[in-house]
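Below: one structure, written as structure tokens.
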Amino acid sequence: MGSLQLKYEGFEDFDEEVTKAIDTIKSDDEAPLFGDFWPSAKALCQYIENSGAKDMTVLELGCGLALPSIVASLKGARTVIASDYHKDCQVYVEKNCQLNGVENLSYQQLDWRDDVQLKAMDLIVASDILYEPKIYDDLASFIWQCCHDKSKVIIADPERVFREDFDKAMEAQGLKMKADWKEGKTKMTIWETR
């Protein structure tokens, strides 16, 4: 990355952790895929580092290790909420905040398919969360609920096969794609409410 030197803790052996979990999980949602610093998260971190987040309120969806949230905090965000569905993320989020001296970041376990009420945020970010097309409508609806009239949404994704379906779900909520480009193998997309 640029001038920021992030410190982080993830799984020591990602493949081993996922293999161990496969026999015990009841659904794909419980797979511990959060334990690595994925290329899409790296691209999102780079974008936030370059663009800044000064005085913004920031929500990260599917945060995993929460490194984009940590970068937003280090770049001056006023409030940062890192969120994920997986019950084990919080330990890693807290450890990575500690390693990077971040104190203005909170963690919230949430499922965007539930009726969760969060305040509207200035910046909503997510990386590598578009695994299952069946969640796109719920995800787009949740993102819309977390927006105010000047919110910006940034999605970083390795351009999954059904990505266009997610774009349609976002447009159906009233969000407008303002920019999209490639960072290596990652598609970056900026959405706005107007």
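The values are calculated or read from the model by the stated rules, or taken from the named source; none is laboratory data. This is a predicted model, so every value here is computed, not measured. Glycine also receives a Cβ, built like all others from the backbone with ideal geometry; neighbour counts cover every protein chain displayed. Side chains are part of the model used for accessible areas, which takes the heavy atoms of the whole protein and leaves out ligands, DNA and RNA. Shrake-Rupley method; radii C 1.70, N 1.55, O 1.52, S 1.80 Å.
Structure notes:
- In the set ALA156, ALA140, ALA172, only one residue is open to solvent by 50 Å² or more (accessible area, probe 1.4 Å), modelled with pLDDT of 95 or more and not aromatic (Phe, Trp, Tyr); that residue is ALA172.
- Residues of segment 33-53 include at least one that is open to solvent by 40 Å² or more (accessible area, probe 1.4 Å) and touching a Phe, Trp or Tyr at 6+ places or on another chain (Cβ under 6 Å).
- Residues (closer than 20 Å to THR186 by Cα, surrounded by fewer than 23 Cβ atoms within 10 Å (Cβ to Cβ) and modelled with pLDDT of 95 or more) located in segment 121-135: LEU123
- Those residues of segment 169-194 which are touching a residue at least 12 places away in the same chain (Cβ under 8 Å) and assigned to a helix (DSSP H, G or I), in sequence order: ALA169, MET170, ALA172
- Residues of segment 109-120 classified as open to solvent by 60 Å² or more (accessible area, probe 1.4 Å) and free of Cβ contacts under 8 Å to residues at least 60 places away in the same chain, total: 5
- From VAL125, VAL153, residue being in contact (Cβ under 8 Å) with a residue 40 or more places away in the chain and within 15 Å of PRO68 (Cβ to Cβ): VAL125
- Which listed residue, of VAL93, VAL102, is under 14 Å from the mean Cα position of the chain (by Cα), at pLDDT 95 or above and over 16 Å from LEU139 (Cα atoms): VAL93
- Yes/no for TYR131 being closer than 22 Å to PRO39 by Cβ, assigned to a loop (DSSP other than H, G, I, E, B) and of a type in the set (Phe, Trp, Tyr): yes
- Being out of contact with any Gly (no Cβ under 7 Å at 6 or more places or on another chain) and modelled with pLDDT under 95 is a property that holds for ALA21.
- Given (1) without any contact (Cβ under 8 Å) to a residue 24 or more places away in the chain; (2) not in a strand (DSSP E or B), number of the condition SER141 does not satisfy: (1)
- When segment 144-153 is filtered for residues that are in contact with a Leu (Cβ under 8 Å, 6 or more places away or on another chain), part of a strand (DSSP E or B) and open to solvent by 70 Å² or more (accessible area, probe 1.4 Å), nothing remains.
- You will find that of VAL18, VAL80, the residue that is over 18 Å from the mean Cα position of the chain (by Cα) and closer than 27 Å to TYR136 by Cα is VAL18 and no other.
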